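The structure appears below as C-alpha cells.
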Amino acid sequence: MLKSVRRLYDWVLTWANSRYALLALGLLAFTEASFFPIPPDVLIMALALSMPQMSFRYALIATVGSVLGAALGYAIGWGLWDVLAVYFYAYVPGVTEVGFARVGELFSNYDFWIIFAAGFTPIPYKIFTIAAGVFAINFPVFMLASLIGRGLRFYLVATLFYYMGQPARTLIEKYFNLLTIIVFVLIAVAVVVLRLTS
C-alpha cells in the first residue's frame, strides 16, 4: 500500500513541469476531497517553488477545486453511500466503518468545527466530506466550513512559499502536521475564549 501511494505521489509531482499543471492542480484538489489519497499541497509546493510569485493563484485554484470536490463527496455520501460503501471501505485509504461511526458521533454536536478541522489539518478530508452527506449535515454550513478550512490551509502554504521559497518546502515537509495542529488548537482556544467572554 505504501509503495502504491509513493508511486502516486511521484506521479502527481510530474505534473508540476507540464503545461497542464494548473488543470492538474484543480483536478487533484477536486478528487482528493472525495477519494484520491494524495493531497494537493504537494503539487502546490512543487509549482510555487519554481514560481513563488504565482503561489496565491495556486492556492486559489486548489481551494476552488477542493471545495467543489467536497460537494461531490457530500453527494456521494448523501445519495450513493448504500451502493458505494463497500468499495470505499475496501479501496480508499483512511475510510473505515469504525472511522465513519466516530465521525457521526462528532457531527452531532460540532458539525462546522469538525469539517473545518478536517479541511485545515492533516486529517483525511475525504472521510468527512462523504460522512457529512451520509449524516445529512446542513449543506451551507458544510460548504462554508470547507471553504474556510481548505482556504486557510492552502493559502498558508502559498504564503510560506511566497516569502520563503525553498526553506518553506523544508519547513512544511518536516513540520506540516505539527504546524497545522498548533494553528488549529490556537483557533479553537480563541473560539472558546470568545464564547466565554461574550
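The values are calculated or read from the model by the stated rules, or taken from the named source; none is laboratory data. Here the structure is a predicted model, which means the values were calculated and not measured. So basically every Cβ, Gly included, is an ideal-geometry build from the backbone, and we count neighbours across all protein chains shown. These accessible areas exclude ligands, DNA and RNA; they are computed on the full protein's heavy atoms, side chains included. Shrake-Rupley method; radii C 1.70, N 1.55, O 1.52, S 1.80 Å.
Would you kindly state how much longer the chain becomes between W11 and A101 on full extension, computed as 0.36 nm times their sequence separation minus their alpha carbon distance, in nm to one decimal?
Going from the current span to full extension adds 29.1 nm.
Take T159, T31 and sort them by solvent-accessible surface of the protein heavy atoms, 1.4 Å probe, largest at the top.
T159, T31
Run the numbers for S108 and A136: contour at 0.36 nm per residue of separation, minus the present Cα-Cα distance, in nm.
Computed gain between S108 and A136 is 9.0 nm.
Three principal axis extents, largest first, for the C-alpha atoms of region 92-171, in Å?
Reported extents, whole Å, longest axis first: 41, 27, 18.
Which value, in Å² and to the nearest 10, is the accessible area of L106 when all protein chains are kept and the probe is 1.4 Å?
80
Which value, in Å² rounded to 10, gives the accessible area of R57 with a 1.4 Å probe and all protein chains present?
Here the residue's solvent-accessible area equals roughly 120 Å².
Less than 14 Å Cβ to Cβ from I130, Lys/Arg counted +1 and Asp/Glu -1: what total charge do the surrounding residues give?
Counting the neighbours of I130, the net charge comes to -1.
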